[in-house]
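Have a look at the structure below before the remarks.
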Amino acid sequence: MKKKENNKQKKKQNNPLSPSSSSEDITKVVFSCGRQYMPLAVLGKGTYGKVYKVQRTDTKEIFAIKKIKMDVDTEGIPSTALREIAILKKIHHPNIINITDLSFSDKHIELALEYCKFDLKKLMDHLIKKNDPSYNINFIKVIMYQIIKATDFLHSHKILHRDLKPQNILVKEGNFLVKLADFGLSRVYSIPIRPYTREVLTLWYRAPEMMLGMCNYSTGLDIWSIGCMFGELFLKKPLFVGDSEIDQLFKIMQVFGTFNEDILPGYKSFPFYNQDFPFWKPKGLRNYVVEHAQVLFDDNALDLLEKMLVIDPIKRISCREMISHPFFEGVKCPVDYDKVDNMV
Ligand code: AMP
């Protein structure tokens, strides 16, 4: 009897999905439509829940299920979230993750999503570790172009992502097909519910105007995040690594110089402006990238990067303008955009 108990205990410890690892873990997910999914592994922890690799029991297809925990102490799921999910379910683009099933309960929302082997962070780590020669300027072009096409689509539907970062850029194995994930949800979750994990939210892709307390964000917010990822792809490490909002702001200032009314009109009227911010002379983004880049780049790449990472959000390049930037001339993506654009 004791031996059996011990074995059970051991099994529980080895199985990442065992109920002992967390009361939130799932054994089998049944959606209201009746489809069943068996969990295979934990893929990642997001801010508000875990993501599982699952297999649909009837078709054996692989999916990802994101289980979002409601905050029972407060108001649970805001009605705006429900509205937003409903809108997102209607949005279809080859570079935006597809929600295939959706289920609600008092405690959770479960989203079944198409499965992607990598997110951009995991893919970069994987290629860097293998010293893979396919990690070159063309790879960066293909990845960036798809991110920009997806974000352009969101912006044209008046949706801001607000949390673009490598962990939210999913990539299929083989052809590097990009799928933006978590779009819109970040908007819903930006203020209300308590983070599910204790992990610190990544600030590295956050636009300076956000850190200064600007409330009426524009599409420039997403462009800044895209610019940070673009730079990171060349540097093979994040551009601005802050450990708090103020540190993040200072990391940006150390490259661009302490802001002033010339580079950011209205700077002194931002809620978190402080006249005692330290003084940094501008180092220049171009110099910073030239000094640290790990991938061969060209002038077009630098020109595009400089147009994305502009301190004044109004002066940042738009997705539409980026799409026709010479950097992307001749880019070969796994999506036939002529067909897609004609459908919209
Ligand atoms: P998220 O909560 O969307 O930030 O997801 C947390 C992590 O789970 C991501 O960084 C990915 O590594 C992984 N993940 C999320 N969605 C998927 C998916 N559809 N396919 C594979 N992995 C995913």
**Complete:** Here, chymotrypsin sites (Phe, Trp or Tyr not before Pro) of segment 262-344 satisfying both criteria (DSSP loop; at most 14 other Cβ within 10 Å) are Phe272, Tyr273, Phe279
**Request:** Would you mind checking which residues have amide H under 5 Å from Gly44's amide H? H placed 1.01 Å from N; only 5 or more apart, or other chain.
**Result:** Val51
**Fill in**
The exposure ranking of Arg56, Arg320, Arg162, fewest beta-carbon neighbours within 10 Å first, is Arg320, Arg56, Arg162
**Asked** What list of ³J(HN,Hα) values in whole Hz, one per residue of segment 98-114 in order, does the Karplus curve 6.51 cos²θ - 1.76 cosθ + 1.60 (θ = phi - 60°) give from phi, with Gly and Pro shown as x?
**Response** 9, 8, 9, 8, 9, 9, 10, 9, 5, 9, 9, 10, 10, 10, 8, 10, 4
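Residue separation times 0.36 nm, minus the C-alpha to C-alpha distance between Lys332 and Lys130: what's the value? Write down the numbers at each step before the final one.
On the way: separation 202, 0.36 × 202 = 72.72 nm, distance 2.34 nm.
Taking 0.36 nm per residue and subtracting the Cα distance, the gain is 70.4 nm.
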**Item:** Among Ile169, Cys215, Gln294 - extreme Cα towards positive end, dipole of segment 118-343, charges at beta-carbon
**Value:** Ile169
**Request:** Would you mind checking which residues have amide H under 5 Å from Phe118's amide H? H placed 1.01 Å from N; only 5 or more apart, or other chain.
**Result:** Val171, Glu173
**Fill in**
Note to self: C-alpha centroids of segment 261-284 and segment 199-251 sit apart, in Å, by 16 Å
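Please rank Ser218, Ser324, fewest neighbouring Cβ atoms within 10 Å first, as an exposure proxy.
Numbers: Ser218 15, Ser324 9.
Fewest-to-most ranking of Ser218, Ser324: Ser324, Ser218.
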**Prompt:** From the phi of every residue in segment 261-276, what ³J(HN,Hα) in whole Hz does the Karplus formula 6.51 cos²θ - 1.76 cosθ + 1.60 yield, where θ is phi - 60° and glycine or proline is x?
**Reply:** 5, 6, 8, 9, x, x, 3, 6, 9, 5, x, 9, 5, 9, 5, 8
**Prompt:** According to a simple spin-label model (label point 7 Å from Cα along Cα-to-Cβ), what is the distance in nm between Asp247 and Glu114?
**Reply:** 3.8 nm
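What does the charge dipole of segment 118-343 about its Cα centre add up to, to the nearest 20 debye, if the Cβ of each Lys and Arg holds +1 and the Cβ of each Asp and Glu holds -1? Write down the numbers at each step before the final one.
Working: 28 positive and 28 negative charges, 95 e Å.
In debye, rounded to 20, segment 118-343 gives about 460.
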**Request:** Would you kindly derive the ³J(HN,Hα) couplings of segment 300-314 from the backbone phi angles with the Karplus curve 6.51 cos²θ - 1.76 cosθ + 1.60 (θ = phi - 60°), listing them in order in whole Hz, with x for Gly and Pro?
**Result:** 4, 5, 5, 4, 5, 4, 5, 7, 7, 8, 10, 5, 6, x, 5
**Residues Thr258, Thr59 arranged by fewest to most Cβ contacts within 10 Å** = Thr59, Thr258
**Computed label-point distance, nm, for sites Phe104 and Lys90 using a 7 Å Cα→Cβ extension** = 1.6 nm
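If you put +1 on each Lys and Arg Cβ and -1 on each Asp and Glu Cβ, how big is the dipole of segment 91-136 around its Cα centre, in Debye rounded to 20? Display every interim value, and only then the final one.
Values: 6 positive and 7 negative charges, 62 e Å.
So the magnitude is around 300 debye.
For Asn300 and Lys236, compute 0.36 nm times the residue count separating them, minus their Cα-Cα distance, and round to one decimal in nm.
Using 0.36 nm per residue and subtracting the Cα-Cα distance, I get 21.2 nm.
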**Request:** For Leu309, enumerate residues with amide H under 5 Å from its amide H, sequence gap 5+ or separate chain, H modeled in the peptide plane.
**Result:** none
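No value in this document is a laboratory result; all are computed from the given coordinates. Please read all numbers here as calculations on a predicted model, not as lab measurements. Positions of Cβ are generated from backbone atoms using ideal geometry, with glycine treated the same way; all protein chains shown enter the neighbour counts.
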